[in-house]
């Protein structure tokens, strides 16, 4: 596997025995170079010593030496700067365009690395490297989690930038869309985002002084006011939505997209929409206000409220229940802040060239307890210490962008596993 040979070269995982070119000259690797992910030789700015001469230039790697000819490198001037050809199988002599031979290094992949790679890539375990996590250096793990947390914020920033382009660079609108999405808490995220995209915030803002109209917007657009029968408040919301839908030419979504299966009553979509309704009844441009908050507790206070009075005695429109307050729980507030506020702060800092907001996003995640979900449990059960939300976001990034995509060779835990001869 050529990719594995690249890996061995990049991280110097080859035998420490004296290396020689295929024509018998002694070779020392001073610097393997920088890996090139674009067209051209595989590594730039490498430095090697052949006998008594030091060479600087590019390195090309192939499974077979004959792949140099097969890929047409002997006719491509981009490869004239290659100073070494690395291969596992020496089945051809290779040359530059001008006919000069290029030194070749026969570099077999160590057997334990090949076997460990095969083990990782073919395992059906959710975390095939679990048994080495406890053995991995704690500083390496900590630095890897920090890097992954940054990667996740960068990835979310790209999502924010796409939404900004779609919505005229309106930060309040993008915040509204992402906040609505995250009020779906996993099960209804996609449906709630579709709801927000079909119902611009400016429509709600025009009627935000009436909680019944704000709720009518949300429940009606979600397709939850289609039934003709219901109690007095339901009929009021239905009439309000019919008026608003006509005024703004709205078309409700299919109610079947909203799911409530296996959710606790306090997390029913009706309660989440009622909480969201009270938020937009209370605040006009919430994102602008959040930018002025100085502490995490100030940010949390924006989400500490009760939905309207009707929801004290209801979990949906079907029947009344005993009276219970239904504030947004502390864990739910944390999830909303992690996935909405911190993400928007980081993107805002990047877009506006205000690094203080990027730093605030990181500090927010470091001050919130780690999330509790199946991915976090998977890594904690393997012995990884997850201290806060920055770490839990890091392992989510690790699982989704590395483990699930079998990118073990790009993971620092995978690196430890691959190079360890005792992992077989």
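The values are calculated or read from the model by the stated rules, or taken from the named source; none is laboratory data. Just so it is clear, the model here is predicted, and its values are computed rather than measured. All Cβ positions, glycine included, derive from the backbone under ideal geometry; neighbour counts span all protein chains shown.
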So how many residues does the stretch 283-298 have that are assigned to a helix (DSSP H, G or I), touching a helix residue (DSSP H, G or I) at 6+ places or on another chain (Cβ under 9 Å) and more than 18 Å from residue 181 (Cβ to Cβ)? 4
Out of all the residues in the stretch 225-237, is one or more in a helix (DSSP H, G or I), without any contact (Cβ under 8 Å) to a residue 24 or more places away in the chain and farther than 25 Å from residue 186 by Cβ? yes
Any residue in the stretch 212-219 that is surrounded by 13 or more Cβ atoms within 10 Å (Cβ to Cβ), out of contact with any strand residue (DSSP E or B) (no Cβ under 6 Å at 6 or more places or on another chain), over 18 Å from residue 309 (Cβ atoms) and at pLDDT 95 or above? yes
Being on the phi > 0 side of the Ramachandran plot and crowded, with 16+ Cβ neighbours inside 10 Å is the filter here, so list the residues in the stretch 138-170 that pass it. none
Given the criteria within 41 Å of the chain's Cα centre (by Cα), without any contact (Cβ under 8 Å) to a residue 24 or more places away in the chain and not in a strand (DSSP E or B), does residue 45 qualify? no
Among the residues of the stretch 305-315, write down those that are out of contact with any strand residue (DSSP E or B) (no Cβ under 7 Å at 6 or more places or on another chain) and surrounded by 16 or more Cβ atoms within 10 Å (Cβ to Cβ). 307, 308, 310, 311, 315
Identify all residues within the stretch 180-200 that are in a loop (DSSP other than H, G, I, E, B) and closer than 13 Å to residue 272 by Cα; write none if there are none. 183, 184, 185, 186, 187, 188
Here is a list of conditions, (1) more than 23 Å from residue 407 (Cβ to Cβ); (2) assigned to a loop (DSSP other than H, G, I, E, B); (3) in contact with a helix residue (DSSP H, G or I) (Cβ under 9 Å, 6 or more places away or on another chain), and residue 39 meets all of them except one; can you say which number that is? (1)
Looking at the stretch 330-351, can you tell me whether even one residue there is more than 28 Å from residue 162 (Cα to Cα) and at pLDDT 95 or above? yes
Those residues of the stretch 254-279 that are outside any helix (DSSP H, G or I) and either under 28 Å from the mean Cα position of the chain (by Cα) or under 17 Å from residue 313 (Cα atoms) (or both) come to a total of 8
With (1) under 26 Å from residue 332 (Cα atoms); (2) assigned to a loop (DSSP other than H, G, I, E, B) as the list, and residue 406 as the residue in question, which single condition is left unmet? (1)
For residue 135, the lone unmet condition from (1) over 13 Å from the mean Cα position of the chain (by Cα); (2) assigned to a helix (DSSP H, G or I); (3) surrounded by fewer than 19 Cβ atoms within 10 Å (Cβ to Cβ) is (2)
Mind listing just one residue for me: the one in the stretch 1-48 that is out of contact with any strand residue (DSSP E or B) (no Cβ under 8 Å at 6 or more places or on another chain) and surrounded by 12 or more Cβ atoms within 10 Å (Cβ to Cβ) and, of those, modelled with the lowest pLDDT? 14
Which of the residues spanning the stretch 68-80 are touching a residue at least 24 places away in the same chain (Cβ under 8 Å), within 39 Å of the chain's Cα centre (by Cα) and surrounded by 15 or more Cβ atoms within 10 Å (Cβ to Cβ)? 68, 79
For the stretch 342-364, state whether one or more residues are touching a strand residue (DSSP E or B) at 6+ places or on another chain (Cβ under 9 Å), under 20 Å from residue 184 (Cα atoms), in contact (Cβ under 8 Å) with a residue 40 or more places away in the chain and not in a loop (DSSP other than H, G, I, E, B). no
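Mind telling me which of the residues 100, 118 ends up being exposed (fewer than 15 other Cβ atoms within 10 Å of the Cβ) and closer than 30 Å to residue 374 by Cβ?
Numbers: 100 fails: closer than 30 Å to residue 374 by Cβ.
Result of the check over 100, 118: 118.
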Only one of these is under 17 Å from residue 25 (Cα atoms) and touching a helix residue (DSSP H, G or I) at 6+ places or on another chain (Cβ under 9 Å): 82, 86. Name it. 86
